[in-house]
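Read through the structure below, which is laid out as structure tokens, and then see the notes.
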Amino acid sequence: MSSPMIAGALVTTLLGVVICAPTGVGAQATTAAPRPGAAGLGDTVQPRLGNGGYQVRHYRLDLRFTEDLTGYTATSTVQARASHALSRFNLDLKGTEVREVMVGGRPARWSRAGDELQVTPESLLPDGADFTVRVTVRGTVPDAQQATALGTSAIGLVRQGTWVQAMNQPSGAHRIAALADHPAQKAPATITVGAPSGLNSIANGDLTGTWREGPLTVRRFDSREKLATELIQIGVGPFTVVHGKKGLGGVGLRYALPRKQAKQIKPQLDRAVPEAIRFLTERLGAFPLRTYGVYATPLGGELETQSLTLLATDSLTPQGFENNGTDAIIAHEIAHEYFGNSVSPSKWSDLWLSEGHAVYYQMLWSQEHGFRAMDKGMREIYQQANAFLQKEGPIAAPRRAAFTPQDMAPYGQGAYQGGALVLYALRQKVGAAAFERIERAWVHDHRDGNAGTDDFIALASRVTGQDLGPFLRSWLYVGKVPPMPGHPDWRP
Ligand SMILES: [Zn+2]
């Protein structure tokens, strides 16, 4: 997203934290004995997100909305491989009503504890076994007012009139369906959306099928690239899908625009989107997707949902572009297709690598298009840095307790402005040419994968042939900004 958007002041109370303890560990137990998968991945910022004991290989999400769009049925089918012998395992799930849980086509026992769905298959799953778990839930779609009352931006689905959209970052996806809700468990995905036939529907990836089911029209979308659950987008509404001229490198462009405003909005996108793709591919190399697009809705939200950026219709009219600086926002969101979407964080404390890069390229875009000089903006961030570092903790080690609500951690100034400042400091230290080599290697080497702060430090050191560990750690793990290379006159 382009800035932290906390929907309200309400703090989400964290209820029912469950830590699964291994069972049956006794004198005879060996490391090979089946045990439950962990309830989380041990993420320091979001400890309960994702699940241990398996790696996801593919997601399928089948959604069927009610005709009035207030409710839905969702079946999530997760193909996974056990990373140790499993007696049971978890998926993340918040709210909704569980209708059925199957493992390998057989009914499985299940129970719920807090935001965890514990699944016990009929028979044990050996280490390395491929298995499929299918969970059907029934849920409601909150309207904008009900969503605000949730007190978080990690809403999941939200509805306004005949429009539905998803807002998941960082943890809303498991309000929609049972999933392994952590970017470290990203996988290729198939999403089918059944919506009333008078409306359109869309999701991440390419449209690969359309059929009728009673009053619903179902569309299937396939993401060949791995998709993190936080980046899922699901749209239903009175929109039309129009195609843009192919972007640089043959990237297919599609825009889901309100039927009534499509003619008014498309010319701005035809100009801004290919220009942002050109700007980024020139600096970073091949675009990570074959298809890119925009989903424009009345509610909006500036969210980099993969291959289908969510934007507000108001910001896309000729007037909206001018008032909101939408060109620079589009550059920010498209930069996320490299940083965050293709190269996803290993842990949530690595968020600075997503948002910091997006802010950095947004600022660079503004400078190169005759708006604001980057040095000037960075100096202002530098002057504010000690205040936000003190509040949130170091850029790569944010303190969960510093965020309100805590489920939005670590979306704050440290990840956004702080992250951009670290990248600027690195460019000052190694020079523009070496910095560009680091950036190109980063998005190339970790394309369609996960990488974290240690990986970035190692790559920057390798590419430049100098140990940048002490320098980068002094920016990333200390609660006070160091001197800025090349700007001895800057004072924090
Ligand atoms: Zn962003």
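Things to note:
- What separates the Cα centres of segment 83-158 and segment 199-229 is a distance of 21 Å.
- Percent of Cα-Cα distances greater than 33 Å, calculated over the chain: 37 percent
- Area projected by the alpha carbon convex hull of segment 234-366, averaged over all directions, nm²: 7.7 nm²
- Remark on Leu93: its backbone amide H falls under 5 Å from those of Glu116, Leu117, a criterion applied only to residues 5 or more positions apart or on other chains, H modelled at 1.01 Å from N.
- Expected 222 nm ellipticity per residue - DSSP helices of 4 or more, -39500 (n - 2.57), all of the chain, to 500: -8500 deg cm²/dmol
- Of the trypsin sites (Lys or Arg not before Pro) in segment 291-380, the ones in a loop by DSSP (not H, G, I, E or B) with at most 15 other beta carbons within 10 Å are Arg372.
- When Rg and Dmax are taken over the Cα atoms of segment 408-492, they come to 13.2, 41 Å.
- Each residue of segment 238-247 is assigned a 3J(HN,Hα), and the resulting list reads x, 10, 10, 9, 10, 9, x, 5, 4, x Hz, derived from the Karplus form 6.51 cos²θ - 1.76 cosθ + 1.60 (θ = phi - 60°), x at Gly and Pro.
- Distance between segment 434-482 and segment 233-247 - C-alpha centres, whole angstrom: 36 Å
- Calculated from backbone phi, Karplus (6.51, -1.76, 1.60) coupling profile of segment 292-302 in Hz, x at Gly/Pro: 10, x, 10, 10, 9, 10, x, 7, x, x, 6
- Along segment 253-259 the Karplus relation, 6.51 cos²θ - 1.76 cosθ + 1.60 evaluated at θ = phi - 60°, assigns HN-Hα couplings of 10, 9, 10, 9, 10, x, 3 Hz to successive residues, with x for each Gly and Pro.
- Rounded Å value of the spacing that divides the Cα centres of segment 403-430 and segment 272-330: 21 Å
- Taking other residues whose beta carbon is less than 9 angstrom from the beta carbon of Ala276, and scoring Lys, Arg as +1 and Asp, Glu as -1, yields -2.
- FRET efficiency estimate (nearest 0.05) - Cβ-Cβ, Thr210 to Arg57, R0 22 angstrom: 0.25
Only the coordinates and a few stated rules stand behind these numbers; no lab work does. Worth saying up front: this structure is predicted, and the values here are computed from it rather than measured. Because the Cβ atoms are built from the backbone with ideal geometry, glycine has one as well, and the counts that use them run over all protein chains shown.
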